[in-house]
Structure formats: structure tokens, C-alpha cells
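Visitor: Just passing along the structure, written as C-alpha cells.
The values are calculated or read from the model by the stated rules, or taken from the named source; none is laboratory data. Predicted, not measured: the structure shown is a model, and the values here were computed from it. Every residue, glycine as well, gets a Cβ built from its backbone with ideal geometry; the counts of neighbours run over all protein chains shown. Surface accessibility is based on the protein's heavy atoms, side chains included, excluding ligands, DNA and RNA. Shrake-Rupley method; radii C 1.70, N 1.55, O 1.52, S 1.80 Å.
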Amino acid sequence: MKQNNQRIHLLDQTPVPKALLALGLPTMLGMLINALYHLADTYFVGGLGTLSVGAVSVVYPLGQAVVGLGLLFGNGAASYLSRLLGREDRERADQVASTALSGSLITGALVILCCLLFLRPLLRLLGAGEQVLPYAVTYTSIYLPFSLCNVFNVTMNNVVSSEGAAKTTMKVLISGAALNVLLDPICIYCLHWGISGAAIATAVSQLFSTLLYLGYIRSKKSVFHFRLRDCRFSREILSEILKIGVPTLVFQLLTSLSMAMLNGKAGEYGDSALAAMGVVTKIMSIGSLMVFGFLKGLQPLAGYSYGAGNFNRLRQAVRLSLLWSTVACLLFGLGAALLAPVLMAQFTQSDGEMIRVGITALRANGIAFFCFGFCTVYSSLFLSLGKARLGFLLGACRQGFCFLPAILLLPIFWHLSGVLFAQPVADLLSSAITVPVALRFQKELNRAGSPLQK
């Protein structure tokens, strides 16, 4: 009980800079380690050749789509849970947490089963050519069934973050990622399991993270109680979860679609281009996941402050989040652009075309990355406040409304260069769309003492 009261105090009374750091840094560190694990996974697979790297790159969007099911229920519930804690409605909060966890597992099991039944056509749709396809099938056949653990883990990540227990999320993320990095070289090279070993290492690490969260539930350290009898698939609870969860799922599906289209377009220029874009995507995901992780700290603080009517605290949280995330994106983007040759050389020793394509793409993505934090702060903020329409609009811009036209049109005129510059162009366009929406919101937020319009 004392620990639970400390978490509520963190959301309610701790100075905003300290609260943002306490809530955001642990999750950011955990997601950073998780992104590095994906990169390390690609690094170890790189020793097996370009085709294996291409296979993992093809499967990656599918894994992200499955993660979206966890976000559908987890992130959707997290927004509502933070607001319920602000209103001190613990009974309803228990019902929402239990419903979200059960709903994610049921939906995840059904979707994964359908994917396994149509695996080969699905992988071809994601960009796997005839040479890459056998490797992709081998990897996915092992990896995908265990993705149900990842659905559970992602749901718990969001639910646990909503109560301010960011350190728990960090510990689980780091433990799972560290185990994966440890098992990768053992399974791939020591046991000579090849690309199957990479899939086994990932599956075991996901299962391990699930066991850690189950231990957390059994320890009863959470503010929430997870019980089957508290599951309420009622219209009221589901509507609150889904009005935020569905936009989040759409964002994730758009991310997966954009990766698949990027892989497909790059694959038209050879397996080296496909492998290069897979590496670039994972390098840039380190920066994006760092920002997402930090903003996991903003979401419960913003949702709680909004639910409690504390608009001064909300204003300060938004202002600091904008400053810190923009500086971080600027530094990361410049680092990626300047170190592009060194970074790409780590993933192949002999494929010069893969390195050349990767350097160009990494520099372009790094330079345009400065605007990522600005856009993500507002899309995350609107969802945490229950403003689903605006959150959906801004969140869908980068990988949807702006990226899809770019990846379809630019290659027609600039061929491979159009593929490499599609994401940077989408980043700049989405930033331009965010500016007027953000200015309007800030005017509403600055109205002293008046509740925000929903």
C-alpha cells in the first residue's frame, strides 16, 4: 500500500521535471535496450549472409503488427487507467486492467493462428522474394507462435506504466533483451542452428519476460488487481479502451505496412537494397523507441493531471517534453548521419552495394529525424487525454497519410533514391501538419482554469 501511495504521489505532487524523469527514463532505457537487441539480432544474423538479413527484415513488420494487438488493449487501457486513478476510481480501474489483459490474449491468439495458416502468401506480401522466402519461413514458423507472449508483454508494459511503475517495465524490457543478446550467438553459431537459432533466442526471451510479469502480478505490488472475475467486456469499458486503442493499433499497422512497402520497393532493386533498408530501419528505431519510451512517462502524468483538473501541471509537462524530446532527436539524427559509414559496415563484410545504399538512406533519415519528437509529443499527448481524433490524425501522418504517397510516387521519378528518401519526406510533411494543430491546442491549454474540449 505504501508503494502504491508513492506512485500516486509521483503523479500528483512530485515536481514535474523530476516526475517526467522518474516516469520516462526507466521506460526509455528499457526500450533503448530492446531496440539495441533488435539491432544485435540483425548483427548476429548478418554473419549468415545477405539472404538471412533480408529474411529477418521481411519478418520484422509482421512482428510489429502483432505488437499492435498489445498496444490496442494496453495503450488503450493505459490512457483510461491514468484518468481513473486521477479520479480515484480504483474499482473501475481493476476492471479495465483485467479486461485489457484478457482481451489482448484472446485477440492475439486468433490473429497469430490466422497468420500461421497463410504464412507463405503473407511473407510474399511483405516483400520476401523466392531466394529470401525459405529463410523467412524458417524464422517465422518458430518466432510467430511465441509472439503471443509479446502481446501479453506489451499490454502489461502499458498497463504497468499507467500506474507509474516505470522501473518494473524497465527491468522486464532489459532482462528480456539481455537474454536474447546472450542466446543469439549461442543458438546461431555455437549450436549451429543458423536462422532457426535466432528465432529460438527471440522466442525464449519473450517467454522469459512473460514469466517476469506473471511474477509481478502474483506479488500484488501493482496498484491494480488482475482477476478474471473483474473482466467486464461491457460497452462502456470497451469503448474507452478502443477509442484510444484502435488509433494506436492503426499507427502500428501503418508502421508495419510502411516497412513492408519499403521492403517491397527496395527489393525491386535487389536483395542488397532490401537488407540495407532493414538495417537502416532498425538503427532509426533506436531513436524512435527512445522517444516513445520517454513519452510513456508523459502519458500517465498528463492523463492523471487532466483527470484531476490540474492544468498548470499539464502545461509544464508538455513544455518540458517538447524541449527534451526535440534535443534528443536532433542529437541522435546527427549522430546517425555522421556515423553512417561506420554503422553500416558492422552488418556486412563484403556487400558493397548494401553499405552504399544504407549510408545514403541513414544520412537522409538522420537529418530529417529532428522533427520526430515534436510530432510524437502531440500525438501521444492527445491519446493520453482521450482526444482520440486528433491523436489519430497526427499519429497516422508519419507512416500513413504522408509516407504512403511518398513511397508510391517518389520511386517513379527517382527510382531507388525515391525509396531511400520516402521516410525523410514523410517526416517533414507530418511535422508541417502538426504545427497548426499544436498551436490551436496550446491556446486551449493556456485558458486559465477552463477544461479542455474533448
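Visitor: How would R120, R319 rank on accessible area, largest to smallest, probe 1.4 Å?
Guide: From most accessible down to least: R319, R120.
Visitor: Quick check for you: with a 1.4 Å probe and neighbouring chains kept, what is the accessible area per residue of the stretch 213-340, in Å²?
Guide: Details: 5220 Å² over 128 residues.
It amounts to 41 Å² per residue over the stretch 213-340.
Visitor: Something else about it: Whole Å is fine, so just give me how far the alpha carbon centre of the stretch 342-394 lies from that of the stretch 189-257.
Guide: The stretch 342-394 and the stretch 189-257 have Cα centres separated by 24 Å.
Visitor: So I have (i) 0.99; (ii) 1.20; (iii) 0.94, and one of them is Cα Rg over 2.2 N^0.38 Å calculated from this model. Which one is it?
Guide: Only one listed value fits the structure, namely (iii).
Visitor: Heavy atoms only, 1.4 Å probe, whole protein assembly: order L48, L249, L125 by accessible area, highest first.
Guide: Details: L48 70, L249 30, L125 135 Å².
Ranked from most to least accessible, the order is L125, L48, L249.
Visitor: With a cap of 10 neighbouring Cβ atoms within 10 Å, and only residues DSSP puts in a loop, list the chymotrypsin sites (Phe, Trp or Tyr not before Pro) found in the stretch 112-190.
Guide: Numbers: sites: F118, Y135, Y139, Y143, F146, F152, Y189; in loops: F118, F146.
Sites meeting the loop and neighbour criteria: F118.
Visitor: Also, I was wondering about something else. Taking only C-alpha pairs under 8 Å that are 6+ residues apart, what is the relative contact order of the chain in percent? Please report the intermediate quantities before stating the final value.
Guide: Details: 760 pairs, mean separation 108.6, N = 454.
Reported as a whole number, the value is 24 percent.
Visitor: So, one more: Would you mind checking the pairs K265/K296; K282/K387; K296/K387; K18/K296; K221/K282; K265/K387 and listing those with alpha carbons more than 25 angstrom apart? Working shown, then result.
Guide: Details: K265/K296 33 Å; K282/K387 30 Å; K296/K387 17 Å; K18/K296 14 Å; K221/K282 34 Å; K265/K387 35 Å.
From the list (K265/K296; K282/K387; K296/K387; K18/K296; K221/K282; K265/K387), the Cα-Cα distance tops 25 Å for K265/K296; K282/K387; K221/K282; K265/K387.
Visitor: Let me check against my output: what whole-number percent is the relative contact order of the stretch 311-406, with C-alpha pairs under 8 Å and at least 6 apart?
Guide: Values: 78 pairs, mean separation 28.4, N = 96.
Relative contact order comes out at 30 percent.
Visitor: As a test question: what accessible area, to the nearest 10 Å², does H415 have when a 1.4 Å probe is rolled over all protein chains in place?
Guide: Roughly 110 Å² of H415 is accessible to a 1.4 Å probe.
Visitor: Identify all lysines with a Cα-Cα distance to K220 below 21 Å; exclude those on the same chain that are fewer than 8 residues away in sequence.
Guide: Hits, sequence-local ones excluded: K2, K167, K171.
Visitor: Per DSSP H run of n ≥ 4, the term is -39500 (n - 2.57); total these for the chain, divide by its residue number, and report the mean residue ellipticity at 222 nm rounded to 500 deg cm²/dmol. Display every interim value, and only then the final one.
Guide: Numbers: 19 runs with 372 residues, N = 454.
Rounded to the nearest 500, the figure is -28000 deg cm²/dmol.
Visitor: Follow-up. For the chain, with the dipole built from +1 on Lys and Arg beta-carbon atoms and -1 on Asp and Glu ones, taken about the Cα centre, which of T360, S321, L10 lies farthest toward the positive end?
Guide: Selected residue: L10.
Visitor: Using the per-residue mean of other Cβ atoms lying within 10 Å as a proxy for protection, in what order, highest first, do the peptides 224-237, 95-108, 12-25, 54-67 fall? Walk me through the numbers on the way to the answer.
Guide: Working: 224-237: 14.8, 95-108: 23.0, 12-25: 17.8, 54-67: 25.0.
The densest-packed peptide leads the list: 54-67, 95-108, 12-25, 224-237.
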